[in-house]
Amino acid sequence: MSRVLSADWVLPIEGPPLRNGAIAVEGGRIVAVGARDDLDPGTHYPEAVIVPGFVNAHSHLEYAVYGGFGDGLADFAEWIALHIQRKARIGWGEYVDIARFGAAQCLASGVSTVGDCSYSGATAVACADLGLRATVYLEVFGADATLGLEHFAEIKERVDGFFSDRVRPGISPHAPYSVSLDLYRACAELGLPVATHISESPAELLYLTRGEGPWGAYSDLLVPHPGTTGTRMLAEEDLLGEDVVAAHCVMVDAEEIELLASTGTGVAHCPRSNASLGCGVAPLTELRAAGAKVGVGTDSPASAPSFDFFAELRSVLLSARARAQRPSALSAAETLELGTLGGARALGLAAEIGSLVPGKRADFAVISTAGSPYAPVEDPSAAVVFGGSPDRVLATFVNGELRYERGGTEWHELTAAAHSARRAMLAAPAAAEPAAARRA
């Protein structure tokens, strides 16, 4: 028997907005989308918009409590050292607590799916427990392919029991400056979804192409520079493609944009992280014009301020308009598509999620417009993108199951455990921290 949910507006994404729309759900999938009057009476959300669940195409849930760690540090080595020191103060249990907190924050922001790069594998546990859909890209580092794959196998074995149709495993060779070409090749041979960080900053570009710049002095922490950009290196080795997600892509030229688009590589656009780290503004308009599969990612509080997906969507829109110097560069409706169907395409999941279409998974969010500056609603996409916030999310559904409800899902113990983990990471005397961290 189907269940019907309706609201003042339904935004299918693949189709025009529906005033007084409704969706019918059965067996975890959408079975009908249409006018409220044409479907059986069900649960109605007044002064609200139903949208596909947001797809966070690049996250690090295990860093949910890392807010402010190393913020403003210009020295790469000290930034890395600070994170390594603090991460070493906690164990597996705390990793899981933090990842659960990150998953909860995503659900509370209307996110139903994440593409998460996971250092320890704790994200698989968190998403399985809280009901979030996920591709969990287990991270690998280093020059030695054998050691890298052994590390991957150890992590995967620890969390194998948490993978399912909803939570699938992937692998993340971290970046061209931290992973050798041999290890990239070995990762590709596993046949799993792949995520990597590419062309994030000018400093990265200088190191990869010439072995110079701010990172040149820390080459002992990195793999040898290849003499070319990460995008070109991977393209030359046929290591881009439909099953690959490239996060950031800030420093890409016209040729690299074409390589990303022509290979069907997903691009995770993370404007708040890029801005917070001083990396620049990615060429979103050019990527879209080339036909690249672009989605939206929050990255993590280690770089961006939060998992607030509405704040990320506004940054997507505003940075695109600012870079292009014209307000027509990106509309609210186009931005909303990037955050839903665009992310699904980037992760290779568009056949299952990202829009409200019969046959797709019943992943959706209900967002209140009551008291919004955009009420009464003229443009529902603008009301969501410009006027939305986590405290306006009334409910988030995954596979047709309620996974978050405002006022009914508190997560007090989960939050307390995550805050306890952060306190443990901050517990060491200030003298143990890098000098620049003490000055910041």
Open item on the list: Could you tell me the center-to-center distance, by alpha carbons, between the range 315-373 and the range 209-241 in angstrom?
Closed with: 32
Task: Volume in Å³ per residue [convex hull over Cα atoms, computed for the range 283-372] - done: 132
- [ ] Mind giving me the FRET efficiency for residue 370 and residue 32? R0 is 30 Å, r the Cβ-Cβ distance, nearest 0.05 is fine.
- [x] 0.70
- [ ] Estimate the FRET efficiency between residue 325 and residue 190 by the formula 1/(1 + (r/R0)^6), using the beta-carbon distance for r and 41 Å for R0, to the nearest 0.05.
- [x] 0.40
- [ ] Translational diffusion coefficient, Stokes-Einstein: compute it for the chain using the Kirkwood radius over C-alpha pairs as Rh, at 10 °C and 1.306 mPa s, and state it as an integer in µm² s⁻¹.
- [x] 72
Open item on the list: Using protein chains only and a probe of 1.4 angstrom, how many square angstrom of residue 151 are accessible, to the nearest 10?
Closed with: 70
Task: In nm, spacing of pseudo-spin labels at residue 289 and residue 153 (7 Å Cα→C-beta vector) - done: 4.8
Task: Stokes-Einstein D for the range 142-279, Kirkwood Rh over Cα pairs, 25 °C, 0.890 mPa s (µm²/s) - done: 157
Open item on the list: Need the list of lysines near residue 156 for cross-linking: C-alpha distance under 22 angstrom, and skip anything on the same chain fewer than eight residues off.
Closed with: 87
- [ ] Excluding residues on the same chain fewer than 8 positions from residue 293, give the lysines whose Cα lies under 25 Å from its Cα.
- [x] 360
- [ ] For helix 412-425, report the angle its Cα long axis makes with the longest principal axis of the Cα atoms of the chain; keep it between 0 and 90° and round to the nearest 10°.
- [x] 10
Open item on the list: Could you tell me the center-to-center distance, by alpha carbons, between the range 20-96 and the range 103-180 in angstrom?
Closed with: 15
Open item on the list: Taking just the alpha-carbon atoms of the range 306-440, what radius of gyration and Dmax come out, in angstrom?
Closed with: 19.4, 59
Open item on the list: In Å², and per residue, what accessible area does the chain have when probed at 1.4 Å with the other protein chains present?
Closed with: 38
- [ ] Under 11 Å from the Cβ of residue 286, count the other residues' Cβ atoms, weight Lys and Arg +1, Asp and Glu -1, and hand me the total.
- [x] -1
Open item on the list: Under a Cβ-only charge scheme (Lys and Arg +1, Asp and Glu -1), can you give me the dipole magnitude of the chain about the Cα centre, in debye to the nearest 20?
Closed with: 860
Open item on the list: Show log10 I(q)/I(0) for the range 1-101 at q = 0.13 Å⁻¹, two decimals, from a solvent-free Debye sum over equal Cα scatterers.
Closed with: -0.66
- [ ] Please report, in whole Å, how far the alpha carbons of the range 217-256 spread along each principal axis, starting with the longest.
- [x] 34, 19, 18
- [ ] Can you tell me the FRET efficiency between residue 406 and residue 217 if r is taken as the Cβ-Cβ distance and R0 is 41 Å, rounded to the nearest 0.05?
- [x] 0.25
Open item on the list: Probe radius 1.4 Å, ligands and nucleic acids ignored: give me the carbon and sulfur share of the accessible area of the chain as a rounded percent.
Closed with: 51
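The values are calculated or read from the model by the stated rules, or taken from the named source; none is laboratory data. No experiment lies behind these values; they were computed from the predicted model shown. Here Cβ is always computed from backbone atoms with ideal geometry, including for glycine, and neighbour counts include all displayed protein chains. When the accessible area is computed, the model is the full protein with side chains, heavy atoms only, and any ligands, DNA or RNA have been set aside. Shrake-Rupley method; radii C 1.70, N 1.55, O 1.52, S 1.80 Å.
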